[in-house]
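The values are calculated or read from the model by the stated rules, or taken from the named source; none is laboratory data. Everything numeric in this text was worked out from a predicted model, so none of it was measured. Virtual Cβ from ideal backbone geometry, glycine too; neighbours counted across all protein chains shown. Note: accessible area is taken over every heavy atom of the protein model, side chains too, but ligands, DNA and RNA are not part of it. Shrake-Rupley method; radii C 1.70, N 1.55, O 1.52, S 1.80 Å.
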Number of protein chains: 2
Amino acid sequence: MTRELPIAGQPPAERADAARNRQRIIEVATRMVEANGAANLSLDEVAREANVGVGTVYRRFGDRSGLIYALIDAGERALQEAFMTGPPPIGPGAPPAERIRAFLHALVDRKVAQQELFVLLEMGSSKARFSGPYMVHHTHLATLLAEARPGADARFLADALLAPLSACLIGYQQAERGMSAEQIKSGLDDLLRLL
Amino acid sequence: MTRELPIAGQPPAERADAARNRQRIIEVATRMVEANGAANLSLDEVAREANVGVGTVYRRFGDRSGLIYALIDAGERALQEAFMTGPPPIGPGAPPAERIRAFLHALVDRKVAQQELFVLLEMGSSKARFSGPYMVHHTHLATLLAEARPGADARFLADALLAPLSACLIGYQQAERGMSAEQIKSGLDDLLRLL
DNA sequence: CTTGTAAGCGGAGACATCTCCGGTTATCCT
DNA sequence: AGGATAACCGGAGATGTCTCCGCTTACAAG
């Protein structure tokens, strides 16, 4: 096992046992989501199954949403890397309009793939919903929009383009209206074309 | 007191004591929301204050969201009446584009006025969120859009225009970005102009 | 190795939502 | 008026989220 090197950053570093627990909690939670569906994920049960107290779960992840977020964090990192340093059309190099399109499509795919988890996230604390990832997506999109359509209110437009990607809405469109991911994407394409 | 006339409709009619309780529960809940904020509304407490058992509250309103919805139902009815039979520009008579604009503005005003309640509603069961009122708004908007922009996917566009009116998003725009209701409306106007 | 201490741990318990069901009562019908 | 009965009522309790705090332990410094 490699030793944890002390990093210059302020956060006092996580103790080894704590890291082990975090890891085990995430594994157990992942398994339970696969088995019972995300909506039935009980933190009490996760704690029991992972052989830790409930308090430990809450200290590590803050609250239910925090744990859920940890379960989709890998996808989020991958997406951010893709649009920041990846190949076109989502990454730098393509014209803004294409990057916007590619980014929104990727986001739809993510929401569809982990729909249940995203729905839960959207229904948890409304504070958390617009911090971190949302702000990153928003900034990215607003930058591209400002480039593609100078003069428009890029920040508001970015909100307005991200809003229809709500996991709840997508779930509704798929479940009640029988729309496929492709139809949703093509609807977004229509919208982008009009802009 | 006027006697409850038996109506032809199937629903077996609500007993007088039940109606009284419903009324009292709504009054108590309204008072408590004004006093403590919507987020702190506890159904146990509502029941105690209204001198009924918890079971009664749940039988009448189904769940927390149901009660919350009852608190904004009056506004919803007023809005629906306005755009269905009211005077232009929101009602029939004005050109579609203007009706769309007036409708969205009215919706923003409602969300801003009862923001807390709408946020709670959006965070409750994701099923309820797209039933009833949402479908009415969606149908109305899709009809107008089909008229204003034949050829486009009016149903998807309607979703996409309603999504940015999420109470959570509006709350975020106001609280964290310092946007006023007017700025939000003018952002929507920009968006409509582009369409 | 010893030791000081901050980080971590567990689980009892406060508090919420929602379900269930045995007892009660309003309302309709005769 | 006098049932019959469907609707209604209350509140105990199942289950879940999250907090709090006294005890424990990893780990760095001496």
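The rotation axis bringing chain A onto chain B passes closest to the chain A residue reported with its distance as A:163, 2, by C-beta distance in whole Å.
Note on residue A:24: accessible area is roughly 90 Å² with a 1.4 Å probe, heavy atoms of protein only.
On the principal axes of its alpha-carbon atoms, the range B:46-127 has extents of 51, 23, 22 Å, going from largest to smallest.
A label point on residue A:189, set 7 Å along the Cα-to-Cβ line, lies at 3.4 nm from each of its counterparts in the other copies, closest listed first.
Name the residues of the range B:116-134 whose amide N is less than 12 Å from a point 7 angstrom out from the Cα of residue A:39 along the C-beta direction? Within reach of a label on residue A:39, which here means backbone N under 12 Å from a point 7 Å along Cα→Cβ, the range B:116-134 contributes B:125-129. Residues of the range A:142-171 buried by at least 30 Å² of accessible area upon assembly of all protein chains, compared with the chain on its own (1.4 Å probe): A:153, A:155, A:156, A:157, A:159, A:160, A:163, A:164, A:168, A:169. Entry comment: accessible area of the range B:12-62 is 62 Å² per residue, from protein heavy atoms only and a probe of 1.4 Å. Scanning chain A for GluC sites (Glu not before Pro) lying in DSSP loops with no more than 12 further Cβ atoms inside 10 Å, the longest uninterrupted stretch between such sites is A:5-175.
What fraction of the Cα pairs in the protein assembly as shown, stated in percent, has a spacing above 41 angstrom?
Working: 16823 of 75855 pairs.
Counting every Cα pair in the protein assembly as shown, those more than 41 Å apart make up 22 percent.
Taking all C-alpha pairs of the range B:89-195, those more than 23 Å from each other amount to 27 percent.
Of the residues A:53, A:132, A:91, which exhibits the maximal mean-square fluctuation in a Gaussian network model of chain A defined by a 10 Å Cα contact cut-off? Taking springs between Cα atoms under 10 Å, the residue moving most is A:132.
Just to be sure I understand the rule: take each whole DSSP H helix in chain B, project its Cα atoms onto its long axis, keep it if the span is 18 Å or more and its mean Kyte-Doolittle hydropathy is at least -0.5. Which ones pass? Don't skip to the answer; put the middle values down first.
Details: long enough: B:16-36 (30 Å, -0.54); B:64-85 (31 Å, 0.26); B:96-113 (25 Å, 0.07); B:133-148 (22 Å, 0.34); B:181-194 (20 Å, -0.15).
Going by DSSP H runs, the hits are B:64-85, B:96-113, B:133-148, B:181-194.
Size of chain A: Rg and Dmax of its alpha carbons, in Å, are 19.1, 57. Set against the 2.2 N^0.38 Å expectation for a compact globular protein, the range B:12-62 has a Cα radius of gyration ratio of 1.12.
For the protein assembly as shown, the 222 nm mean residue ellipticity estimated from helices alone, with every DSSP H stretch of n ≥ 4 adding -39500 (n - 2.57) and the total spread over all residues, rounds to -22000 deg cm²/dmol.
At the nearest 100 Å², what buried accessible area, both sides summed, do you get for A and B when the probe is 1.4 Å?
Numbers: alone 11680 and 11690 Å², together 20500 Å².
Result for this pair: about 2900 Å² buried.
Mean partner shielding of peptide B:113-124, defined as the number of other chain Cβ atoms within 10 Å of each residue Cβ, is 1.
Within the accessible area of the range A:106-162, the carbon and sulfur atoms contribute 58%, probe 1.4 Å, all protein chains present.
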